[in-house]
Amino acid sequence: ATAEYVAQELQRRLAGQFPALRVSAVTGRIEEEERRAKVQDLARTPQRVLVATDCLSEGINLQTLFDAVLHYDLPWNPNRLEQREGRVDRYGQPAPVVTAVRCFSPDNPVDGVVIDVLLNKAREIHKTLGVYVPVPEESESVTEAVLNALFLRGRRDQPEQLSLDLEASPVTRLHQRWDADVARERLSRTKYAQRAIKPAEVSRELAVVDRVLGDPAAVREFVCAAGQRL
């Protein structure tokens with residue numbers, strides 16, 4: 001309902017300034033083939049805006065039609081932002097720069113907490129590592145961390161440690177597990193990086209495999225002999 005409302009209002013409010021603009025909404029209420037048809041139909045318009053739910057976050061590539069992504073909402077899972085942007089920011093995109101905009105309300109404390117606890121952390125990891133590392137927690141733990149941060153934000157006049165419990169806060173525990181996953185990903189990327197591959201070692205392994213499987217002549221002999229027996 002929100003996507004359809006946004007599309008209608010954008011069309012109404014921008015029609016005067018951009019007469020050729022066409023706005024279309026794609027949601028999970030319509031079948032996948034109809035979604036593809038609506039996107040293809042929109043491609044015929046030189047000025048276009050596509051309003052979509054997360055039903056389009058995977059499967060349909062949009063890099064030849066759009067060069068910007070505007071997040072009207074802020075999902076609690078940063079991976080969803082990556083999936084949305086990945087429809088546009090991908091191989092085959094002709095634009096030198098793809099713009100990604102996150103919309104949020106400064107009057108909405110939940111938006112602020114989601115940005116601080118989840119989205120900025122994900123962006124920081126991406127800047128450092130060059131790839132996105134998924135949130136390592138199940139939804140209950142993420143919810144606990146967000147609500148904890150929201151509760152503390154609403155009590156700025158109170159000390160952050162509100163009890164004698166010496167355990168780390170849910171936000172701290174979430175970030176610690178996230179950092180551990182980042183460390184494992186960094187180690188894995190270092191271990192399997194191209195610069196770590198030694199051609200001599202690869203050559204020896206290939207030779208061993210060839211001896212086990214046989215060279216092309218051995219394979220030909222096997223196929224011919226098997227064919228004759230059959």
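The values are calculated or read from the model by the stated rules, or taken from the named source; none is laboratory data. Model, not experiment: these values are computed from the prediction. Counting neighbours? That spans all protein chains shown, and the Cβs are built from the backbone with ideal geometry, glycine included. These accessible areas exclude ligands, DNA and RNA; they are computed on the full protein's heavy atoms, side chains included. Shrake-Rupley method; radii C 1.70, N 1.55, O 1.52, S 1.80 Å.
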* To do: Would you please name the residue that is modelled with the highest pLDDT, looking only at residues in the range 44-57 that are more than 30 Å from PRO106 (Cα to Cα) and open to solvent by 40 Å² or more (accessible area, probe 1.4 Å)?
  => GLN47
* So which residues in the range 30-63 are more than 26 Å from VAL97 (Cβ to Cβ) and among the small types (Gly, Ala, Ser)? -> ALA37
* Structure fact -> In the range 82-114, anything among the hydrophobic types (A, V, I, L, M, F, W, C), closer than 21 Å to THR53 by Cβ and out of contact with any helix residue (DSSP H, G or I) (no Cβ under 7 Å at 6 or more places or on another chain) is listed as VAL88, VAL98, VAL101, CYS103
* To do: Please state which one of VAL23, VAL39 is β-branched (Val, Ile, Thr), open to solvent by less than 50 Å² (accessible area, probe 1.4 Å) and within 20 Å of PRO94 (Cβ to Cβ).
  => VAL39
* Structure fact -> Note: among THR64, THR53, just one is among the polar types (S, T, N, Q), at negative phi and touching a strand residue (DSSP E or B) at 6+ places or on another chain (Cβ under 9 Å), namely THR53
* Mind listing whichever residues of the range 9-27 are touching an Asp or Glu at 6+ places or on another chain (Cβ under 8 Å) and not β-branched (Val, Ile, Thr)? => SER24, ALA25
* To do: Return a yes/no flag: does the range 96-105 have any residue that is under 30 Å from LEU147 (Cα atoms) and under 13 Å from the mean Cα position of the chain (by Cα).
  => yes
* Failed condition for ALA7, given (1) more than 22 Å from ALA95 (Cα to Cα); (2) modelled with pLDDT under 90; (3) aliphatic (A, V, I, L, M); (4) open to solvent by less than 20 Å² (accessible area, probe 1.4 Å) -> (2)
* To do: Report yes if some residue within the range 12-31 is at pLDDT 90 or above, closer than 30 Å to LEU150 by Cα and not in a helix (DSSP H, G or I); otherwise report no.
  => no
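Restricting to the range 55-96, name every residue that is of a type in the set (A, V, I, L, M) and under 17 Å from LYS127 (Cα atoms).
Of everything in the range 55-96, just one residue is of a type in the set (A, V, I, L, M) and under 17 Å from LYS127 (Cα atoms), namely LEU81.
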